[in-house]
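Okay, so here's the structure we're looking at.
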Amino acid sequence: MDDSLSFESFLAGAGKAAYKAMEDHGRGEYDEFALHGGVAVERLAKAVLVKRNPLYLLEMRNGNADMLLYLGGDLEMEAERVRTVGANEALKRLRRMGVLPSDLQLDLLIELRNGTAHTTVGDEAKTLLPTLAETIAILLKAVSMSAEQFWGRWISAVNVAVDKQRDALQRDVEIRIKQARHLFDDRFKGLPDGAKERALAEPFDGPTAVAVTGSDESLIALISTLACPACGGEAHIRVTPIRSTATGAEVTVDLLDCPLCGLKLTGPEEINASGAEVEKAVVPSNVIISWGRTLPAPLDLSRIHTS
């Protein structure tokens, strides 16, 4: 049997796909997350099967004894003729063996990966990170491997994903912060020492606050700056009027967008869950706020320039 069907090969492939899945999720590329997450589960499932017995990889549909003899080590075969069990059957076998429990969310992840689910992939896949993390944890236990050894630098984000003590919003925001931090670090790989520190220390050109006005010159939002909860750099925030009072207006910070690490938080709930120090936002004290009925078209805060 060739090395590509070894336990070590399947384990390495699972790790590579799992890391890509975490990066995809952090970038908001949920279609790619479903693809790489499904591949990670399939390869780790096959690693468990081959560790128990290489014959458990046998695809039973064609009735050809050559694969049986090949997996048993008694027959040589050309690489293009080698066929092993698919993801769905691998999971079924592990469930029959008592390694994996039934899990409709895991089934959905595999369906999304295979393109057989009748749904928009990104909409469904976004919420499946805890399922991926929990499944991998079970499979790692079956091969006596620690999560820290498998996940490496992603272990902190994975631990958050499976933490039932946090509510769904807190878990989602904290995972995205950790993902943004890793992706930010990746931007500086191969660059001279100190490049990241200089990028964080260098202030943005232009004013610290920019007004967004309507056609009648009334102020409907204020773009300001705040320390990013992921990388510590200067993130943009949108301050929006939400209610008038006798002396002015009540405002809220409803969008945070960091051009350095790519972290984007939408709504005051996500921003509050991130721990961002909103009270330290740079907002001029002499702005008189008035507002229209609606905000302008979706605003890309990373593309703001000084006029």
Exercise. If Lys and Arg each add +1 and Asp and Glu each add -1, what is the summed charge of the other residues whose beta carbon sits under 12 Å from the beta carbon of E29?
Worked result: -1
Problem set entry | From phi via Karplus (6.51, -1.76, 1.60), per-residue ³J(HN,Hα) for the range 105-114 in Hz, x at Gly/Pro | 5, 5, 4, 5, 4, 5, 5, 5, 5, 7
Problem set entry | Whole-Hz couplings from phi, Karplus 6.51/-1.76/1.60, listed for the range 268-279; x for Gly and Pro | x, 5, 5, 5, 5, 5, 6, x, 4, 7, 4, 5
For this session: Can you sort F10, F33 by 1.4 Å-probe accessible area, starting with the largest?
Result: F10, F33
Exercise. Near the amide H of L255, under 5 Å away, which other amide H atoms are found, from residues 5 or more places off or on another chain, if H is placed in the peptide plane?
Worked result: R238, G267
Exercise. Ignoring any ligand, DNA or RNA, what whole percent of the accessible area of the range 122-204 comes from carbon and sulfur when the probe is 1.4 angstrom?
Worked result: 51
Seminar exercise, completed: For 271-277, 143-149, 162-168, ranked highest to lowest by mean beta-carbon neighbours within 10 Å, the order is 271-277, 143-149, 162-168
For this session: Evaluate the distance, in nm, between pseudo-label points positioned 7 Å from the Cα of K141 and of R166 along their respective Cα→Cβ axes.
Result: 2.2
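The values are calculated or read from the model by the stated rules, or taken from the named source; none is laboratory data. None of the values given here were measured: they were computed from a predicted structure. Reconstructed Cβ throughout: ideal geometry from the backbone, glycine too, with neighbour counts over all protein chains shown. Quick note on the areas: whole protein, heavy atoms, side chains included, nothing else; ligands and nucleic acids left out. Shrake-Rupley method; radii C 1.70, N 1.55, O 1.52, S 1.80 Å.
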